[in-house]
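The values are calculated or read from the model by the stated rules, or taken from the named source; none is laboratory data. What you see is a predicted model; the values in this text were computed from it and never measured. Methodologically, a virtual Cβ is constructed for each residue, glycine included, from the backbone with ideal geometry; neighbour enumeration extends over all protein chains shown. Quick note on the areas: whole protein, heavy atoms, side chains included, nothing else; ligands and nucleic acids left out. Shrake-Rupley method; radii C 1.70, N 1.55, O 1.52, S 1.80 Å.
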Amino acid sequence: MTHRTDIQQDSLIKEAGVMDSLQQTDSTEEAWIEVIHKMDSVYADLVHSQVELELKNSALEEAQLFINSVLSAMTDTLIVCDTEGVILQVNSALETLTGKAKEDYLQHSLHEVFAEDSQAMLDLFPEKMRHESLIDCEMNVICSDGTTSPLSMNCSSRYDASGVLTGMVLIGRPLGELRHAYKKLNYAHTELQRTQQQLIHSEKMASLGRLIAGVAHELNNPISFIFGNMHALERYSSRINQYLNAVDAHVDPPELKKLHTKLKIGRIQDDMGSLIEGSLEGAERVSNIIQDLRNYSGGQKEEYSFFELNNVIKKAVSWALKTDKNKAEIQYKFADNIKINSCKGQIHQILVNLIQNARDAMENEAHPRLILSTEISDEFVAIHVIDQGVGISEKDAKTIFDPFFTSKPVGQGTGLGLYISYGLAHDLKGDLTFKNNPKGGAEFILSLPVDSKS
Ligand SMILES: Nc1ncnc2c1ncn2[C@@H]1O[C@H](COP(=O)(O)OP(=O)(O)OP(=O)(O)O)[C@@H](O)[C@H]1O
Ligand SMILES: [Mg+2]
């Protein structure tokens with residue numbers, strides 16, 4: 001067994017104390033280190049949440065700015081309220097319309113916004129808000145000067161994130177503005193209709209002018225020879241009367257013979273037949289022209305009839321080119337004897353316009369040439385009007401049949417010719433098409449059923 005002295009004992013005790021304190025010092029340090037670590041991590045967390053908070057804050061500010069810009073850009077009025085009808089938000093369109101400030105609305109009741117006659121509708125809102133949205137009801141808002149302004153209102157319910165009803169959103173379109181815009185639109189529409197009528201009228205007058213020039217030219221010939229014949233007959237009748245008076249007075253036969261020779265009664269007898277025949281023919285031509293005119297005017301519904309198509313084409317050419325100064329060379333390439341059942345006058349009208357257009361397109365050609373051909377296949381006939389003019393550009397091709405499309409200078413074309421012709425062709429159950437020819441110039445094709453009536 002080992003016995004220690006007191007000194008030994010003491011030093012042992014001291015040693016142990018030092019050890020203890022040494023151990024104590026170690027654990028305190030560790031604790032401190034741990035505290036510092038903890039502080040570091042808490043600080044880092046704090047910084048992190050600070051950054052996150054700042055990010056959220058700026059996102060919130062941005063969202064707020066976005067909402068504000070949308071609200072102030074709206075031209076419709078906006079009112080947001082809670083379930084009790086207390087106003088939480090309005091936009092500047094409402095302020096502008098009524099002349100009141102935002103503060104006059106916020107935390108006030110919806111009832112203060114609307115006029116007396118809209119209160120009954122307003123009373124229905126809380127109930128409606130729970131079940132449906134209100135669409136297009138008309139309500140009057142009160143303005144700062146005491147007047148009211150009509151709004152077409154759309155109201156819908158507003159819910160929070162958990163789906164609980166929190167209030168209503170009322171969007172109103174100022175009807176005053178709408179009514180004003182409608183009035184302006186209506187006025188513009190009436191103006192447009194009036195201008196259109198004027199243009200149609202001036203086109204009618206222009207084609208009437210062309211028609212009158214043609215008619216005058218056409219009537220001039222027969223009328224002038226009827227006139228000449230009548231003058232001759234007038235002179236002859238006075239001579240015949242003179243001779244008959246002598247016969248009635250029982251003048252001696254030799255004297256009568258002399259008078260017969262002097263008054264050239266024999267020549268009168270020879271001429272009389274051809275004078276009367278010529279006058280009758282002239283009158284018949286006048287009557288035919290008037291019949292043609294009736295067909296051309298197309299005002300009243302034209303009767304269907306069987307007729308020879310090639311003759312109608314020739315007649316249309318002579319009408320359309322009557323005033324043609326630089327005479328175009330005309331080539332006919334007709335299929336034999338095409339008889340169709342259709343409306344002669346309407347076909348005449350279409351062809352006159354196509355031929356006039358072809359002529360206009362060749363205005364600058366030194367030797368204008370127009371080809372008119374007909375062909376018959378199955379139950380259709382096709383009439384081709386072919387020119388050697390400028391042709392139709394790709395751009396114009398899209399609008400050529402539109403009313404009022406014209407490339408001609410003001411006063412020389414109203415652009416109704418093809419529009420009307422297309423309509424007439426379809427009325428006759430046919431079609432009007434066109435193409436450019438590879439060698440230049442345009443070709444219009446009018447196709448018609450052999451029997452438009454069936
Ligand atoms: N054969 C053609 N060749 C080239 N362009 C043509 C031809 N036919 C018609 N066009 C074009 O189509 C346009 C419309 O023709 P449309 O007959 O409808 O009216 P317009 O001849 O101008 O006037 P109008 O009302 O007097 O007939 C013409 O202005 C012209 O530009
Ligand atoms: Mg024309």
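Spin-label model, Ser152 to Thr83: label points 7 Å out along the Cα-to-beta-carbon direction sit 3.2 nm apart. Using the Cβ of Glu62 as centre and a radius below 13 Å, the other residues enclosed give a net charge of -1, where K and R count +1 and D and E count -1.
Would you mind telling me the share, in percent, of accessible area of the chain contributed by carbon and sulfur at probe 1.4 angstrom? C and S atoms contribute 56 percent here. Under the simplified labelling scheme, the Leu124-His384 pair shows an inter-label distance of 7.0 nm, with each label point 7 Å from Cα along Cα→Cβ. With protein chains left intact and a 1.4 Å probe, residues in the range 300-449 average 53 Å² of accessible area per residue.
Semi-axes of the equivalent ellipsoid of the chain are 108, 35, 19 Å, computed as sqrt(5λ) over the eigenvalues of the C-alpha gyration tensor in descending order. Once both labels are positioned 7 Å from their Cα atoms along Cα-to-Cβ, the gap between Leu199 and Glu308 label points is 4.1 nm.
Relative protection proxy for 42-50, 330-338, 425-433, from highest mean packing down: 425-433, 330-338, 42-50 (other beta-carbon atoms within 10 angstrom). Computed from the C-beta positions of Glu61 and Ser407, the FRET efficiency with R₀ = 60 Å rounds to 0.50. The charge dipole of the chain, taken about its Cα centre with unit charges on the Cβ of Lys, Arg, Asp and Glu (plus for the first two, minus for the last two), comes to roughly 5080 debye. With a Förster radius of 45 Å applied to the C-beta separation of Leu165 and Leu192, the computed FRET efficiency comes to 0.35. Exposed loop sites here mean GluC sites (Glu not before Pro) with a DSSP loop assignment and at most 12 other beta-carbon atoms within 10 Å; the chain contains its longest site-free run at 133-302. Could you point to the residue in Leu175, Val312, Leu185 farthest towards the positive end of the chain's charge dipole, with +1 and -1 charges on the Cβ of Lys/Arg and Asp/Glu respectively? My answer, from the dipole projection, is Val312. Legend: helices of the chain (whole DSSP H runs) are marked when their alpha-carbon atoms reach 24 angstrom or more along the helix axis and their mean Kyte-Doolittle hydropathy is at least -1.0; marked are 6-73, 175-248, 265-297, 344-361. First measure r as the distance between the Cβ atoms of Ser393 and Glu277, then evaluate 1/(1 + (r/R0)^6) with R0 = 56 Å and state the FRET efficiency to the nearest 0.05. Efficiency, rounded to the nearest 0.05: 0.55.
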